Amino acid sequence: MLIGILIGVLLSFKIDKIHYSLIFIICPILVYLYSTNNTKKSFFSNIVTSFLKPFAIITLWWFDSPVNLSKEQWDLLYYLQLITIIYAIISFLSNIVLGIITDIININEDNFNKQNTLPIVLGRKRAKNIALMLSIIVFVFVLSIAIACMENKFILKTIIFLGTLPELYFIYRLMNASELKDYKKLYATGKVLLFLALLSIPIIAYYFKYVIS
């Protein structure tokens with residue numbers, strides 16, 4: 001979280017719009033306040049925290065929309081906005097899945113503390129099926145980006161190797177998870193997959209920077 005705040009503040013200074021740094025500061029503070037003041041865990045709290053994580057990116061784009069672009073640049077900007085929104089949706093759903101897996105891992109402790117997490121309310125098997133369904137939706141979103149970028153081999157390969165194939169591997173591991181150790185390994189795998197997805201963003205952004213140029 002501290003690294004994210006630092007990068008956001010540095011980027012805001014770089015583009016000479018210092019007040020944008022408040023977006024990267026306020027969102028983590030909201031997550032922290034919500035987490036500390038809402039000690040009762042539930043599936044709704046998982047949704048809220050998962051939504052706040054990608055929200056800063058979308059908010060920044062709305063605040064910093066460019067002007068005076070050519071028709072070709074507007075078309076490219078629309079394309080980039082669409083990809084960004086899909087990335088935000090993928091991040092939102094992926095964080096919900098990781099939250100469900102965390103609740104499955106902590107089901108005994110949460111049950112002792114009388115929490116209302118999804119595995120406790122619906123059972124571990126149904127919670128796993130919901131996580132699996134959301135993971136398949138994430139895969140469809142990633143695949144749709146790959147199909148949309150079919151003509152661009154560089155972006156296509158980036159999405160396939162950093163998004164599509166890792167997500168397929170995650171779904172396979174989730175389908176075969178049954179014991180506590182399986183879910184712990186799955187959670188670690190999910191974190192690696194999120195890192196790979198984030199890694200694809202600057203790679204694609206760097207490429208598009210020179211396409212615009």
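List of remarks:
- Annotation note: Cβ proximity below 8 Å between a residue of the range 163-192 that is free of Cβ contacts under 8 Å to residues at least 60 places away in the same chain and open to solvent by 70 Å² or more (accessible area, probe 1.4 Å) and a residue that is charged (D, E, K, R) and assigned to a helix (DSSP H, G or I) (sequence gap 6+ or interchain) occurs for N176/D182; K185/R173.
- Among the residues of the range 88-141, those that are surrounded by 14 or more Cβ atoms within 10 Å (Cβ to Cβ) and part of a loop (DSSP other than H, G, I, E, B) comprise N106, Q115, T117.
- Residue ID - surrounded by the most Cβ atoms within 10 Å (Cβ to Cβ), chosen from residues in the range 20-41 that are touching a helix residue (DSSP H, G or I) at 6+ places or on another chain (Cβ under 8 Å) and over 20 Å from L2 (Cβ atoms): K41
The values are calculated or read from the model by the stated rules, or taken from the named source; none is laboratory data. Because the structure is predicted, anything quoted here is derived from the model rather than measured. Positions of Cβ are backbone-derived with ideal geometry, glycine not excepted, and every protein chain shown enters the neighbour counts. Quick note on the areas: whole protein, heavy atoms, side chains included, nothing else; ligands and nucleic acids left out. Shrake-Rupley method; radii C 1.70, N 1.55, O 1.52, S 1.80 Å.
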